[in-house]
Amino acid sequence: NAGVTQTPKFQVLKTGQSMTLQCAQDMNHNSMYWYRQDPGMGLRLIYYSASEGTTDKGEVPNGYNVSRLNKREFSLRLESAAPSQTSVYFCASSEARGTQYFGPGTRLLVL
Amino acid sequence: QKEVEQDPGPLSVPEGAIVSLNCTYSNSAFQYFMWYRQYSRKGPELLMYTYSSGNKEDGRFTAQVDKSSKYISLFIRDSQPSDSATYLCAMSRLTGTASKLTFGTGTRLQVTL
């Protein structure tokens, strides 16, 4: 049972480049989330999907887009990366109103 | 002012000590309270989950919620070097079907031999 998986583990981008972070869960959870974690800021919610077919903005959505591809997969896209998006990105999933289970994270460096 | 406040530490204790980790919050609508443990370069993992006020024990870990004071605590008994990690408190309101969490910034704990 893999839980929540994320790819890639690490990525270096140049300013203006685009990329998509992938997330998949095998726990049959309805809800999925994308967070970023920065020193001194804690985990901040970027976007979430309460159920397949729906997505909503979180606390820090600017510069990001998401796609809930199916019940298992939820991707995060950076259309034009900026140095301020250098961070560690975590995907999580939960049952409705349940606790969240996190993936191992993607470390992104934007030069 | 942040909705959830947590002392960042670091907190250094000798092996076998009792550790107390705390968070305060300002929003009385929070009803679900969680503690996550995060090892260096890993994702957060759920340690404890409580609903409303009271205590919950799981092995060496005890979670305590005092809603009247807007204060939650995590106690670790007989601390071990393997407990060295960052501990994140998190809490959520009852809104919709997704469990949107608000996190503290985390307390870094170091348990020394």
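The values are calculated or read from the model by the stated rules, or taken from the named source; none is laboratory data. Since we're looking at a predicted model, the values are computed, not measured. All Cβ positions, even for glycine, are placed from backbone atoms using ideal geometry, and neighbour counts span all protein chains on display.
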Hey, any hits in region B:93-107 for a residue that's at pLDDT below 95, not in a loop (DSSP other than H, G, I, E, B) and not polar (S, T, N, Q)?
yes
Restricting attention to region A:54-81, the residues that are aliphatic (A, V, I, L, M), surrounded by fewer than 21 Cβ atoms within 10 Å (Cβ to Cβ) and under 25 Å from B:LEU46 (Cα atoms) number exactly 1
Being among the charged types (D, E, K, R), outside any loop (DSSP other than H, G, I, E, B) and buried (at least 16 other Cβ atoms within 10 Å of the Cβ) is the filter here, so list the residues in region B:57-89 that pass it.
B:ASP83
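Determine if region A:7-15 includes at least one residue that is among the β-branched types (Val, Ile, Thr), under 27 Å from B:TYR87 (Cβ atoms), out of contact with any Cys (no Cβ under 8 Å at 6 or more places or on another chain) and modelled with pLDDT of 95 or more.
In the first step, residues of region A:7-15 are kept if they are among the β-branched types (Val, Ile, Thr); the result is A:7, A:12, A:15.
Remaining after also requiring under 27 Å from B:TYR87 (Cβ atoms): none.
No; the residues of region A:7-15 include none that is among the β-branched types (Val, Ile, Thr), under 27 Å from B:TYR87 (Cβ atoms), out of contact with any Cys (no Cβ under 8 Å at 6 or more places or on another chain) and modelled with pLDDT of 95 or more.
Among the residues of region A:1-17 satisfying the criterion of being surrounded by 17 or more Cβ atoms within 10 Å (Cβ to Cβ) and within 12 Å of chain B (Cβ to nearest Cβ), which is farthest from A:PRO83 (Cα to Cα)? Quick ask: steps written out before the conclusion?
Going through region A:1-17, the residues surrounded by 17 or more Cβ atoms within 10 Å (Cβ to Cβ) turn out to be A:4, A:6, A:11, A:13.
After this cut, where a residue has to be within 12 Å of chain B (Cβ to nearest Cβ) as well, the list is A:4, A:6.
Values: A:VAL4: 27, A:GLN6: 21 Å.
In this case the residue turns out to be A:VAL4.
Can you give me the number of residues within region B:21-44 that are under 10 Å from the mean Cα position of the chain (by Cα) and more than 13 Å from every other protein chain (Cβ to nearest Cβ)? Lay out the reasoning, then the answer.
Pass one, region B:21-44, residues under 10 Å from the mean Cα position of the chain (by Cα): B:21-23, B:33-37.
Next, only the ones that are more than 13 Å from every other protein chain (Cβ to nearest Cβ) stay: B:21-22.
Selection size over region B:21-44: 2.
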Would you tally the residues in region A:18-49 being within 10 Å of chain B (Cβ to nearest Cβ) and either surrounded by fewer than 23 Cβ atoms within 10 Å (Cβ to Cβ) or farther than 16 Å from A:THR5 by Cα (or both)?
12
Are any residues in region A:83-96 in a loop (DSSP other than H, G, I, E, B) and either of a type outside the set (D, E, K, R) or closer than 16 Å to B:PHE103 by Cα (or both), and if so, which ones?
A:THR86, A:ALA96
Here are some conditions: (1) buried (at least 19 other Cβ atoms within 10 Å of the Cβ); (2) more than 12 Å from chain B (Cβ to nearest Cβ). A:SER84 meets all but one. Which one does it not meet?
(1)
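Results for (1) under 23 Å from A:GLY58 (Cβ atoms); (2) within 14 Å of another protein chain (Cβ to nearest Cβ), shown as yes or no for each residue.
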position	(1), (2)
B:LEU46	yes, yes
B:THR50	no, yes
B:LYS67	no, no
B:ILE76	no, no
B:SER82	no, no
B:GLY106	yes, yes
Kindly indicate the residue of region A:16-67 that is of a type in the set (D, E, K, R), touching a residue at least 40 places away in the same chain (Cβ under 8 Å) and assigned to a strand (DSSP E or B) and also farthest from B:LEU101 (Cα to Cα) among those meeting that condition.
A:ASP38
Scanning region B:66-92 for residues that are of a type in the set (A, V, I, L, M, F, W, C) and under 15 Å from A:GLY98 (Cα atoms), the one modelled with the lowest pLDDT turns out to be B:MET91
